[in-house]
Amino acid sequence: MLYLTQDKFPIFVPFGVIGFYRYLWYCIRLTAYLVYRPIPLPENPTYIASEDVTIIVPTIDAGEEFKEAAHSWLVGKPKEIIIVTEEKMRGPLQELADSVDPSKIRVTTVPFANKRLQMSHGIKETTTDIIVFADDDAIWPPTLLPYVLACFEDQKVGGVGTSQRVQPVGNRMTVWEVLAAFRLTIRNIEISSATHIDGGIPCLSGRTAAYRTVILKDPEFLHNFTHDYWLGKYQLNSGDDKFLTRWMVSHGWSTYVQVCQGAELLSTMKPNWRFLKQVLRWTRNTWRSDIRSLFTERYVWTTHPYVAYTMVDKLFNPLTLLVGPVLVAIVVWKSTIPVEDGGFHLPWWNVIASYVVWLTATRTAKLLPHLWQRPQDIIYVPAFIAFGYYFAVMKLYALFTLHETGWGTRAGIGDAAAATAAMDQ
């Protein structure tokens, strides 16, 4: 250490401060994740899936993967599954539903392809106490519904989420799917630690989340959900899960996330570069929602202070991540100058090699929960490191393009304003 810092100690202070902060923060999260426990199944449950659960699936282009997902939902014996699509897709989706179980699956339509409009239509059609929203490719374990319903034994709980893993589209995962799997591993740690520390969560993922129907049938909710604008003029279609999570917080409802094998769903991700477009859409939604939570609504500060702190941390995370390469570049540049002229004695290649080793070791450590299950994915750690820097730049780009509210990865998504106007009529 003395050898490394004998030139000019102050140049290393930013490295130390940022590194200490980032990894102290990670150790706190990891500790909370390790001591977190899911809510166990009750002996005499209040809610029974066959009587109290309706699954709502908003979709426009469900394919063969829908059959596998639907069969997995039916194992939990829900009372009904409602597929909500646009009118021109009724025929193909009705055929898919009939091929699975026409007695349990009902297909209904809205005039335009708009996810929030589809979800609100499904809510109005629901007659059970619990609504579960699911993506058309979300594959559930047999025990998912019982574990989700267990959380509603607490009458203060209004919304429940689950953990996730990636289901490869083909026979083996592409690099894009592995990157998505890495992100889900980190997310599972984040949501379980947040739930354990203060009972909050930044987002109940829309891939599968359950809510009390009475909350969602509130006319105030339905109106605000389908008339949600950024800066008062850009109507939002995506970001529905963020909206729902914020609504729980602002209206005094608790949330919980079941992070365990019994409630861990499988979901597909884009197996190609279009995954980056997904991430961009998610990032814009996160910026909009977190800004609202922290500075407009502000309920999260008193209800879930730990979650509020994680949101603040994410605001500055791109900058702290990009500071590292900048400081390394400065040290490398100083290392090319002779010592007698004020340069550093360290060879430039030594600095770069040390930085690469440090990055590889620390990022690998963060991914150990994933690598324990899939050690073969260790070869993708360099890609994950590169993606991290790309994501930091992309996050800044997303911040300055929050007015872009399009879906980005699905053709046929209708204009949000037109869809809402049709619903109002």
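Listed by first and then second residue, the pairs linking a residue in the stretch 336-360 that is among the aliphatic types (A, V, I, L, M) to a residue that is open to solvent by less than 90 Å² (accessible area, probe 1.4 Å) and modelled with pLDDT under 75, with Cβ atoms under 9 Å apart and 6 or more places separating them unless they lie on different chains, are 339/7; 346/4; 346/7.
Filter the stretch 222-276 down to residues that are hydroxyl-bearing (Ser, Thr, Tyr), under 17 Å from the mean Cα position of the chain (by Cα) and open to solvent by 40 Å² or more (accessible area, probe 1.4 Å), then give me how many there are.
Let us first name the residues in the stretch 222-276 that are hydroxyl-bearing (Ser, Thr, Tyr), namely 226, 229, 234, 238, 245, 250, 254-256, 267-268.
Adding the requirement that they be under 17 Å from the mean Cα position of the chain (by Cα) leaves 238, 245, 255-256, 267-268.
If we keep only those that are open to solvent by 40 Å² or more (accessible area, probe 1.4 Å) as well, we get 256.
Adding up the residues that qualify gives 1.
Considering only residues in the stretch 66-95 that are in contact with a Leu (Cβ under 9 Å, 6 or more places away or on another chain), under 19 Å from residue 130 (Cα atoms) and not hydrophobic (A, V, I, L, M, F, W, C), the one that is most open to solvent (accessible area, probe 1.4 Å) turns out to be 77. Among the residues making up the stretch 148-176, those that are open to solvent by 50 Å² or more (accessible area, probe 1.4 Å) and under 23 Å from residue 213 (Cα atoms) are 153, 154, 155, 156.
How about the stretch 120-230: which helices (runs of 4 or more DSSP H) wholly inside it have at least 3 residues that are of a type in the set (S, T, N, Q)?
Numbers: elements: 144-151, 175-198, 213-216, 219-226.
Here the list reads 175-198.
When restricted to residues that are over 25 Å from residue 22 (Cα atoms), assigned to a helix (DSSP H, G or I) and touching a Gly at 6+ places or on another chain (Cβ under 8 Å), the stretch 290-341 contains 2. Can you spot a residue in the stretch 108-115 that is surrounded by fewer than 22 Cβ atoms within 10 Å (Cβ to Cβ), under 24 Å from the mean Cα position of the chain (by Cα) and assigned to a helix (DSSP H, G or I)? No - not one qualifying residue is present in the stretch 108-115.
The values are calculated or read from the model by the stated rules, or taken from the named source; none is laboratory data. None of these values were measured; they are calculated from a predicted model. Every residue, glycine as well, gets a Cβ built from its backbone with ideal geometry; the counts of neighbours run over all protein chains shown. Keep in mind that these areas ignore ligands, DNA and RNA; they rest on the heavy atoms of the full protein, side chains included. Shrake-Rupley method; radii C 1.70, N 1.55, O 1.52, S 1.80 Å.
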